[in-house]
Amino acid sequence: MIYDVLRILKKEIGNYLDDENLVVLENIAKAEDASDTSLNDKVIVTLLSTEEESTLKNTPRHEIKNGTKIYKSGAAYLNVYMMVAANRSTYEKSLQSISKVVEFFQDKSIFTNNNTDPSIFTLDDEDSQIEEFKFMVDLKSLRIEELSYAWTVLGGRTMPSALYKVSIVKVQRQKIKGVGPAITTIQETTLNLTENE
C-alpha cells in the first residue's frame, strides 16, 4: 500500500503541474550519480521513512460482510514521510516547481478514492493493491540541522524540496485466514430453579 499511496501522489502532482512525465517516483540519492541522467529536469518523489501509528495498533482483525465474519492478518497503520524535490534544469525552474507542489498540497490535503483521478485505478501494475483508501498529507518543517542531516543521508547535494507526512496508510495482507458466522443476536435463557424440600 505504501507504493500505491506514493504512486497516487506522484500522478496527482503530475496532473497539477500539467506534465505527468515531469514527476518520478525514485530514490533522490540517484540524482548524485552523474552517469544516470533519468532524474535530470524532474520533480522527484522519495520515501524518506515510515513510522507506526501506535494509537491504531489494537484494531479488530476481522470484518463483517453480508452476515459473515472474515478473519484477516492484523493491519499495520503507518505514517509515511515523503520528500518532494525539484531537480530541474535551472534553479528558477526548481523553485517554481516546488512552489507549485506546496500550492497543490495546500489546496488538497485529503485524498480518497472519491476525489482522486480515476485513471489511477486502471492498474497497469500487478503489484498494486488499490481498493479503497483515505489518507492526509501535511507539510512538515525541519530545522536547518535536521535538513542538513537529511540531505547528507540522501546524497549530499541539496535542492529545493518539501517534506510531507502522509497519515495514515493501512498496510494489511489481503489473504483471508478464516470465515465464520457473525454474531448478530444474543439469546436470553431463563433458568427455573425450584427449592428442594
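Residues in region 1-32 that are among the β-branched types (Val, Ile, Thr), buried (at least 19 other Cβ atoms within 10 Å of the Cβ) and assigned to a helix (DSSP H, G or I): 4 in all. Summed over region 140-151, residues that are in a strand (DSSP E or B) and either among the acidic types (Asp, Glu) or closer than 16 Å to residue 5 by Cα (or both) total 0. Restricting attention to region 123-164, the residues being within 18 Å of the chain's Cα centre (by Cα) and modelled with pLDDT of 85 or more number 9.
Out of everything in region 66-81 that is assigned to a strand (DSSP E or B) and not hydroxyl-bearing (Ser, Thr, Tyr), what residue ends up being modelled with the highest pLDDT? This residue is 80. For beta carbons closer than 6 Å, sequence separation of 6+ or different chains, a first residue in region 94-119 that is without any contact (Cβ under 8 Å) to a residue 24 or more places away in the chain and a second that is hydrophobic (A, V, I, L, M, F, W, C), the qualifying pairs are 113/133. If we keep just the residues of region 102-120 that are at pLDDT 85 or above and farther than 14 Å from residue 133 by Cα, which is surrounded by the fewest Cβ atoms within 10 Å (Cβ to Cβ)? So the residue we want is 107.
The values are calculated or read from the model by the stated rules, or taken from the named source; none is laboratory data. These figures come from a predicted structure and were not determined experimentally. With ideal geometry, Cβ positions are generated from the backbone for all residues, glycine too; neighbour counts draw on all protein chains shown.
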